[in-house]
């Protein structure tokens, strides 16, 4: 399980990598974190784009909320964080 510690302090737990698109790994949220909700329409998102696609522990990453199969232009804002594999 990949864990992203965002600069904002939020922690995101990701279950598995499901694909790669334009140098980003598309990861599915861990079942303990069912989704991210996007305001104003409260659309649920179950996937996150992560660059690099398979980060090492302690590596800085860029992430964006996305829908599986959606073009990059539809991904939600990019944020930075640090990758880890330390569990929930």
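The values are calculated or read from the model by the stated rules, or taken from the named source; none is laboratory data. The model shown is predicted, which means the values in this text are computed figures rather than measured ones. No Cβ is skipped: glycine too gets one built from the backbone with ideal geometry, and neighbour counts run over all protein chains shown.
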Checklist outcome for this item: Here the residues within the stretch 53-75 that are surrounded by 14 or more Cβ atoms within 10 Å (Cβ to Cβ), farther than 16 Å from residue 8 by Cα and at pLDDT below 95 are 66, 67, 70, 75
Checklist entry - Quick check, is residue 56 outside any strand (DSSP E or B) and free of Cβ contacts under 8 Å to residues at least 24 places away in the same chain? => result no
Checklist entry - Going through the stretch 25-51 one residue at a time, which ones are surrounded by 13 or more Cβ atoms within 10 Å (Cβ to Cβ) and over 12 Å from the mean Cα position of the chain (by Cα)? => result 38, 43
